[in-house]
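Trainee: One structure is given below, represented as structure tokens, and several questions about it will come after.
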Amino acid sequence: MYNSKIIGLGSYVPDNIVTNDDLSKMMDTNDEWIQERTGIKERHWAVPGTGDTTSAMGVKAAKVAIERAGMDKNDIDFIIFATLSPDFYFPGPGVLVQKELDIKTIGALDVRNQCSGFVYAISVADQFIKTGMYKNILVIGAELHSHGLDKTTRGRGVTVIFGDGAGAVILSREENPDKGLLSTHLHAQGEHFKELSLVAPGMGQRWINDILKDNDPDDESYFPYMNGPFVFKNAIVRFTEVIMEGLQKNGLVKEDINLLIPHQANLRISQFVQKKFGLSDDRVFNNIMTYGNTTAASIPIALTQAWEQGKIKENDLVVLAAFGSGFTWGSVIIRW
Ligand code: UT7
């Protein structure tokens, strides 16, 4: 058995910044409400036609990660891509990355676990490396939310939160059992699937033909739905539980955490978790203020930025944790 460790990180966000004031020109909202409830000041939204698709942003982040890993792209053995906003209904973006990077015919897997997508994806990569099946895996989380949001007052409870972007890591074999990913912890509770969902078009619901046939201006089924307060309440409980689970599994305590990188769902959620664990500001990394919630991309973007800013040092205990649609949630405990 081997461990896996992160040897390269990269991120990419579209240039176009959308402020809360910009949003207030599209819908009945305001900077004060958004900042008070979410901590978000602005987010990046891709401009249609500029080529910033989910897979293209993933490729840009991946190129940086590969270069920083100091490896040749053909040393990558496998690709895992997490997103809820793929370029196409099928095939998923993993194969598009393989094509775009012009890598030999390695496998490419798509992960559909929304805000927990990156945590699930890196956990899957870790298992492949642990068993010795693969040595180097490219793991990407990317989202293009902005093209699929309801930008009217009707959608304001969801739309103001989300941003576009991508993050990527190269996970590689580590011989030292005390280094790298120490453990990953995954959970789901499908009974709440409707509370944060986008139900159409779907084979089990309404397919495109039905939507077009009905041509109903009040149809909201193809916009994301979120029962915000219910998701919030569940998030703070599950974040806390799954971080605790990871610490206990490794015989660690909250004081051992050098840096917690929570999925950037809402600054208030991160602050609740920070308080619960008694962590000082320098031991929690947040960037939701300027990126919004980028779902599967949020942790790899934040991780990359924390690393770039020198906030992660050799031997640090880094904890990743996520919660979102499904519900799904999880944590990753890393000895850097
Ligand atoms: O990443 C995946 C996981 N996602 C999350 O963890 C998100 C969890 N939930 C949340 O972050 C919060 O629930 C929200 C930020 C989404 C909403 O905050 P809230 O404090 O729960 O507000 P609310 O949904 O209870 O709405 C309060 C009021 C409502 O008006 P009334 O009914 O009290 O008159 C909404 O219509 O705020 C209104 N409202 C808005 N007002 C201005 C909702 N969205 C907006 C808006 N601007 N954008």
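The values are calculated or read from the model by the stated rules, or taken from the named source; none is laboratory data. It should be emphasised that the depicted structure is a prediction, and the values quoted were computed from it without experimental measurement. No Cβ is skipped: glycine too gets one built from the backbone with ideal geometry, and neighbour counts run over all protein chains shown. Keep in mind that these areas ignore ligands, DNA and RNA; they rest on the heavy atoms of the full protein, side chains included. Shrake-Rupley method; radii C 1.70, N 1.55, O 1.52, S 1.80 Å.
Trainee: Please give the number of the condition Asp126 fails out of (1) open to solvent by 10 Å² or more (accessible area, probe 1.4 Å); (2) touching a residue at least 24 places away in the same chain (Cβ under 8 Å).
Mentor: Condition (1) is where Asp126 drops out.
Trainee: Only one of these is among the hydroxyl-bearing types (Ser, Thr, Tyr), in contact with a Gly (Cβ under 8 Å, 6 or more places away or on another chain) and open to solvent by 30 Å² or more (accessible area, probe 1.4 Å): Tyr120, Tyr134. Name it.
Mentor: Tyr120
Trainee: Which of (1) within 16 Å of the ligand (Cβ to nearest atom); (2) under 22 Å from the mean Cα position of the chain (by Cα) is the odd one out, the single condition Leu171 does not satisfy?
Mentor: Going through (1) within 16 Å of the ligand (Cβ to nearest atom); (2) under 22 Å from the mean Cα position of the chain (by Cα) one by one, Leu171 breaks only (1).
Trainee: Which of the following residues is within 11 Å of the ligand (Cβ to nearest atom) and either open to solvent by 30 Å² or more (accessible area, probe 1.4 Å) or touching a Ser or Thr at 6+ places or on another chain (Cβ under 8 Å) (or both): Asn250, Asn227, Asn209?
Mentor: Asn227 is the lone residue from the list that is within 11 Å of the ligand (Cβ to nearest atom) and either open to solvent by 30 Å² or more (accessible area, probe 1.4 Å) or touching a Ser or Thr at 6+ places or on another chain (Cβ under 8 Å) (or both).
Trainee: Between Phe230, Phe223, Phe277, Phe239, which is touching a Phe, Trp or Tyr at 6+ places or on another chain (Cβ under 8 Å), outside the structural domain of Ser116 (by TED's automatic domain parsing) and not aliphatic (A, V, I, L, M)?
Mentor: The unique qualifying residue is Phe239.
Trainee: Can you confirm whether the range 241-254 contains a residue that is within 20 Å of the chain's Cα centre (by Cα), of a type in the set (Asp, Glu) and modelled with pLDDT of 95 or more?
Mentor: yes
Trainee: What's the total number of residues in the range 144-167 that are open to solvent by less than 30 Å² (accessible area, probe 1.4 Å), touching a strand residue (DSSP E or B) at 6+ places or on another chain (Cβ under 7 Å) and either away from the ligand (no atom under 11 Å from the Cβ) or of a type outside the set (Phe, Trp, Tyr) (or both)?
Mentor: Qualifying residue count for the region: 9.
Trainee: Can you pull out every residue in the range 1-53 that is open to solvent by 50 Å² or more (accessible area, probe 1.4 Å), within 16 Å of the ligand (Cβ to nearest atom) and among the basic types (Lys, Arg)?
Mentor: Lys25, Arg37, Lys41
Trainee: Any residue at all in the range 235-245 that's open to solvent by less than 20 Å² (accessible area, probe 1.4 Å), of a type in the set (Asp, Glu) and over 25 Å from Arg37 (Cα atoms)?
Mentor: Within the range 235-245, not a single residue is open to solvent by less than 20 Å² (accessible area, probe 1.4 Å), of a type in the set (Asp, Glu) and over 25 Å from Arg37 (Cα atoms).
Trainee: Which of the residues belonging to the range 294-327 are within 16 Å of the ligand (Cβ to nearest atom) and either assigned to a helix (DSSP H, G or I) or open to solvent by 10 Å² or more (accessible area, probe 1.4 Å) (or both)?
Mentor: Thr295, Ala296, Ala297, Ser298, Ile299, Pro300, Ile301, Ala302, Ser325, Gly326
Trainee: Pick from the range 63-115 the residues that are surrounded by 20 or more Cβ atoms within 10 Å (Cβ to Cβ) and within 16 Å of the ligand (Cβ to nearest atom): which of them is nearest to Val231 (Cα to Cα)?
Mentor: Looking at residues that are surrounded by 20 or more Cβ atoms within 10 Å (Cβ to Cβ) and within 16 Å of the ligand (Cβ to nearest atom), I get Cys115.
Trainee: In the range 185-200, which residues are buried (at least 16 other Cβ atoms within 10 Å of the Cβ) and of a type outside the set (Asp, Glu)?
Mentor: Passing the criteria: His185, Leu186, His187, His192, Leu196, Ser197, Leu198, Val199, Ala200.
Trainee: Continuing with the same structure: Kindly indicate whether any position in the range 277-292 is within 18 Å of Gly326 (Cβ to Cβ) and either touching a Cys at 6+ places or on another chain (Cβ under 7 Å) or assigned to a loop (DSSP other than H, G, I, E, B) (or both).
Mentor: No, the range 277-292 contains no residue that is within 18 Å of Gly326 (Cβ to Cβ) and either touching a Cys at 6+ places or on another chain (Cβ under 7 Å) or assigned to a loop (DSSP other than H, G, I, E, B) (or both).
Trainee: Same structure, new question: Tally time: how many residues in the range 24-65 are assigned to a helix (DSSP H, G or I) and under 28 Å from Tyr89 (Cα atoms)?
Mentor: 12
Trainee: Regarding Tyr89, is this residue part of a loop (DSSP other than H, G, I, E, B) and either out of contact with any Gly (no Cβ under 7 Å at 6 or more places or on another chain) or modelled with pLDDT of 95 or more (or both)?
Mentor: So Tyr89 passes the test.
Trainee: Identify all residues within the range 108-162 that are of a type in the set (A, V, I, L, M) and in a helix (DSSP H, G or I); write none if there are none.
Mentor: Residues satisfying the conditions are Val119, Ala121, Ile122, Val124, Ala125, Ile129, Val158.
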